[in-house]
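K.L.:
Structure incoming, see below.
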Amino acid sequence: YSLIHFDLVDAWRIGQANTVTNNYTADGTTSQVQLYSQWRYRLTEKLTLNTGFHFNILTAGNQYNIEPRLSLQYKLSSKHIFSFATGLYSRVEPMAFYLVGYYDGGEYIQPNKNLELSKAYHAVTGYEFRFFGSFRFKTEVYVQYLYDVPVKENDKGRFSAIISDVRYPTFLLNN
């Protein structure tokens, strides 16, 4: 469980008069709850199945995700192991994306309050070679498909939350 409090003011000084202009403000409190469960079952002496799920809740916008996970491991021998894993994952963006707002006629508007969590599907397959003792070589091939990632489109191009480090847009869409 995490209790998150956030207070942001994004302002600029403009011109020689040093006039301060507030672009965005955001403040508020939200909570995040994460639960994880897994189950491991040895199907045979060489084949192991691992299943689980991750449950992620963000109270800002009442967002939640149930993310199933699955992996298989096959021991060809004591030195050679093949593996495969897949699952769904979600990510909470910086709180500024959810809580950023502006005043319009005295009313505080938060256009991103109900923004969905960013999501991804992952799949990985791997090979492990154990030399001796705890020395090993492992290689993996990894695929990731992103969806519900917050983006903003305008005539100048696209803005994506996954590459942001400077600005907080006023309106985002999950695509």
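K.L.:
Between Asp27 and residues 5 or more places away or on another chain, which pairs have amide H atoms under 5 Å apart, with H built 1.01 Å from N, and which residues are they?
P.N.:
Leu8
K.L.:
Subtracting the Cα-Cα distance from 0.36 nm times the residue separation, let me have the gained length for Glu128 to Leu76 in nm, one decimal.
P.N.:
So the chain would gain 17.7 nm between Glu128 and Leu76.
K.L.:
Gain in length, Glu107 to Ser31, computed as 0.36 nm per residue apart minus the alpha-carbon separation, to one decimal in nm?
P.N.:
24.9 nm
K.L.:
For the range 41-125, what is the accessible area per residue in Å², given a 1.4 Å probe and the full set of protein chains?
P.N.:
53
K.L.:
With r as the distance between the Cβ atoms of Ile4 and Glu140 and R0 = 35 Å, compute the FRET efficiency 1/(1 + (r/R0)^6) and round to 0.05.
P.N.:
Efficiency at R0 = 35 Å is approximately 0.60.
K.L.:
A further question on this structure: Once the piece of chain linking Phe55 and Arg42 is laid out straight, how much longer is it, given 0.36 nm per residue of separation minus the C-alpha distance between them?
P.N.:
Length difference between fully extended and current span is 2.2 nm.
K.L.:
When only alpha-carbon atoms are used, what values of Rg and Dmax, in angstrom, describe the range 90-136?
P.N.:
Spelled out, the Cα radius of gyration and Dmax of the range 90-136 are 22.3, 71 Å.
K.L.:
For the range 26-120, what is Rg from Cα atoms divided by 2.2 N^0.38 Å, rounded to two decimals?
P.N.:
1.63
K.L.:
Per residue of the range 131-146, what does 6.51 cos²θ - 1.76 cosθ + 1.60 with θ = phi - 60° give for ³J(HN,Hα)? Whole Hz please, x for Gly and Pro, Karplus curve as stated.
P.N.:
The phi angles translate into 5, 6, x, 9, 7, 8, 10, 9, 10, 9, 10, 10, 10, 9, 10, 9 Hz.
The values are calculated or read from the model by the stated rules, or taken from the named source; none is laboratory data. These figures come from a predicted structure and were not determined experimentally. Here the Cβ is made from the backbone with ideal geometry for all residues, glycine too, and neighbour counts use every protein chain on show. To get the accessible areas, we keep the full protein, side chains included, count just its heavy atoms, and leave off ligands, DNA and RNA. Shrake-Rupley method; radii C 1.70, N 1.55, O 1.52, S 1.80 Å.
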